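A quick write-up on the structure given underneath.
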Amino acid sequence: GQQLNQSPQSMFIQEGEDVSMNCTSSSIFNTWLWYKQDPGEGPVLLIALYKAGELTSNGRLTAQFGITRKDSFLNISASIPSDVGIYFCAGQPDLITSGTYKYIFGTGTRLKVLA
Amino acid sequence: NAGVTQTPKFQVLKTGQSMTLQCAQDMNHEYMSWYRQDPGMGLRLIHYSVGAGITDQGEVPNGYNVSRSTTEDFPLRLLSAAPSQTSVYFCASSYSHPRQGGYQETQYFGPGTRLLVL
């Protein structure tokens, strides 16, 4: 099945550094969602994006809906140890161009923060 | 609100056994979904429901059945468990809002059920 290309797959960073990750697709999406998943837990919604070009923040997290509607970016500023986890993007395709409205998920970015 | 709840948290089955994974939400969301999560892969949609009495297949529906008799509940049934169904199963519920040319959903996940099939 179709999946989003999410990168990087994993990253080690020093505490205090900024982090960037992104998701890209060959299809147009109407909605982008960003989740964080801690070990043994379900994904927790961080940010929802509904319009091309939209830039939304949630504390130290900022996400953007790409102008082309085929990509999205998540930035974490001044990382702290509790940022450790797996970050997933999810895109809802455009029904008219894709023939489906069901969410597609990226494979995740595993973030490790070194104190 | 409890949000999305799932039971059980853990389950071990023998090949051929059947069982039902429970999912409930108290947010009055119209849409509910079941996903499975396997190592190195993103979440894959098993079944989907847009309202009571309406279900649809997702990407990997084989070996699973669902029903949606109420808005709140969306159980997932494994008919005859196989080792390939060892996975972590997540239920999600969504609210939708209209946009030009369609609608947009915002999904919330439950804590998951970890299933091992021997």
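Enumerate by residue number the trypsin sites (Lys or Arg not before Pro) in segment B:8-97 meeting two conditions: DSSP loop (anything except H, G, I, E, B), and at most 16 other Cβ atoms within 10 Å of the site's Cβ.
Details: sites: B:9, B:14, B:36, B:44, B:68, B:77; in loops: B:9, B:14, B:68.
Here the sparse-neighbourhood loop sites are B:9, B:14.
With 28 Å as the limit, the listed pairs A:102/B:14; A:102/B:9; A:36/A:70; A:51/A:102; A:112/B:9 have A:102/B:14 beyond it between alpha carbons.
Straightening the chain between residue B:65 and residue B:10 buys 17.9 nm, computed as 0.36 nm per residue apart minus the Cα-Cα spacing. By its C-alpha gyration tensor, with a ≥ b ≥ c as the square roots of the eigenvalues, how is segment B:35-118 shaped: rounded for a/c under 1.5, else prolate for a/b larger than b/c, else oblate? Taking the square roots of the gyration eigenvalues as a ≥ b ≥ c, segment B:35-118 is prolate. Among A:58, A:30, A:75, whose mean-square fluctuation peaks in a Gaussian network model of chain A (Cα, cutoff 10 Å)? Comparing A:58, A:30, A:75 in a Gaussian network model of chain A, the most mobile one is A:58. If you take the Cα centroid of segment B:1-62 and the Cα centroid of segment A:77-115, the two points sit 20 Å apart.
Dividing the mean sequence gap of close Cα pairs (under 8 Å, 6+ apart) by how many residues segment B:5-55 holds gives a relative contact order of 27 percent. Between residue A:54 and residue B:41, the FRET efficiency estimated from the beta carbon spacing at R0 = 22 angstrom works out to 0.20. Of the residues B:27, B:32, the one with the largest accessible area comes first in the ranking B:27, B:32, computed with a 1.4 Å probe on protein heavy atoms.
Given contacts defined as C-alpha pairs under 8 Å and at least six residues apart, what's the relative contact order of chain A, whole-number percent? Intermediate values should be presented prior to the final figure.
Details: 300 pairs, mean separation 42.0, N = 115.
Over chain A, the number comes to 36 percent.
Taking every residue in A:42-52 and counting other chain Cβ atoms within 10 Å of its Cβ, the average works out to 4.
Panel note: the C-alpha atoms of segment A:9-115, placed on their principal axes, show extents of 47, 28, 20 Å (largest first). Of all DSSP beta bridges confined to chain B, the antiparallel ones make up roughly 90%. Using C-alpha pairs under 8 Å with a sequence gap of at least 6, the mean separation divided by the residue count of chain B gives a relative contact order of 34 percent.
The values are calculated or read from the model by the stated rules, or taken from the named source; none is laboratory data. Keep in mind the model is a prediction, meaning the values are calculated, not measured. In this analysis, Cβ positions are derived from the backbone assuming ideal geometry, glycine residues included, and neighbour counts consider all displayed protein chains. Ligands, DNA and RNA are excluded from the accessible area calculation, which covers all protein heavy atoms including side chains. Shrake-Rupley method; radii C 1.70, N 1.55, O 1.52, S 1.80 Å.
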